[in-house]
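A short worksheet on the structure shown next.
The values are calculated or read from the model by the stated rules, or taken from the named source; none is laboratory data. Being a predicted model, the structure only gives us computed values, none of them experimental. Because the Cβ atoms are built from the backbone with ideal geometry, glycine has one as well, and the counts that use them run over all protein chains shown. Quick note on the areas: whole protein, heavy atoms, side chains included, nothing else; ligands and nucleic acids left out. Shrake-Rupley method; radii C 1.70, N 1.55, O 1.52, S 1.80 Å.
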Amino acid sequence: MKKNVFATLATILLIVPWIAASGLQLFGQKDFNMDEKKLIDTFKRANPLYLGGAELFAKGNLDKAEKKLLECLAVMPEHADAQYVLAQVHLKRKEFPQALAAITLAEKNYAANAKFQNFSHQDYLDRLRQQRAGLEDKRAQVQETLSRMASGNNPEKGRLEQEIQTYVQSIREIDRQLNSPVSTVIEIPADYFYIQGNALFRLGRTVEAAAQYREAIRLDPRHGNSFNNLALALFSMGKYREALDSLAQAEAAGVKVNPDFKKAVEAKVTQQ
């Protein structure tokens, strides 16, 4: 159940950087004061370190990712996304207090960081396009390998077909982000609250975790993983009908729920 409920977090970092979150104009560039220019220069030096750390995290290299993210934060302690990804590193290691501390700092610094979004937005889109191209290449390579296989019951075929589906889903998510309009409101992304909910849940702070999942859903009504994890939190609190409703909403958002968990929730609802 844990594998389904606490799904791999690496995909998140491809789709939720604060650099694309608002449509406000970066303060009139010709009117920068010296402090603002210094801050932007700091951001320019820190952001490549963050991007490198994010890529390493996506590849599952937690130690190198943490090192790169800490280098970013040494240059710019206010870098919200570096703290955001660092929180996920800690979650992967089951370092839940550190994860909670990192995501709390990320939320605190998010609004201050959002001023850089115009400066970074094009770089972000370019990186997404590069990631998409890389995924397309990998999908094509796997598809070619699959097409060369002889027909018959080959267990390797199933693995390759699943791998192709994973690439297809990632490409669709990137396409969704590329086509998403830029908001004119600076608002902390839903995934920040989702990650905070995960840290709180693992620390046994279930009521607080549920509140974070609800906030993520408020910000993104299609945030299926938050519906899913909210169901688990509600179930653990004995709120079985609400948990079942959350699972139904998760399925409506296209998220696969654990069938055994769903049956357990349904059984509890029937007993009430």
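What to note about this one:
- Anisotropy class of the range 188-272 from Cα gyration tensor, a/c 1.5 cut: oblate
- Each of the peptides 163-176, 50-63 was scored by the mean count of other Cβ atoms within 10 Å over its residues; in descending order, highest first, they stand as 50-63, 163-176.
- Shape category assigned to the range 129-264 from the gyration tensor of Cα positions, a/c cut at 1.5: oblate
- Portion, in percent, of the accessible area of the range 50-176 that falls on carbon or sulfur, probe 1.4 Å: 50 percent
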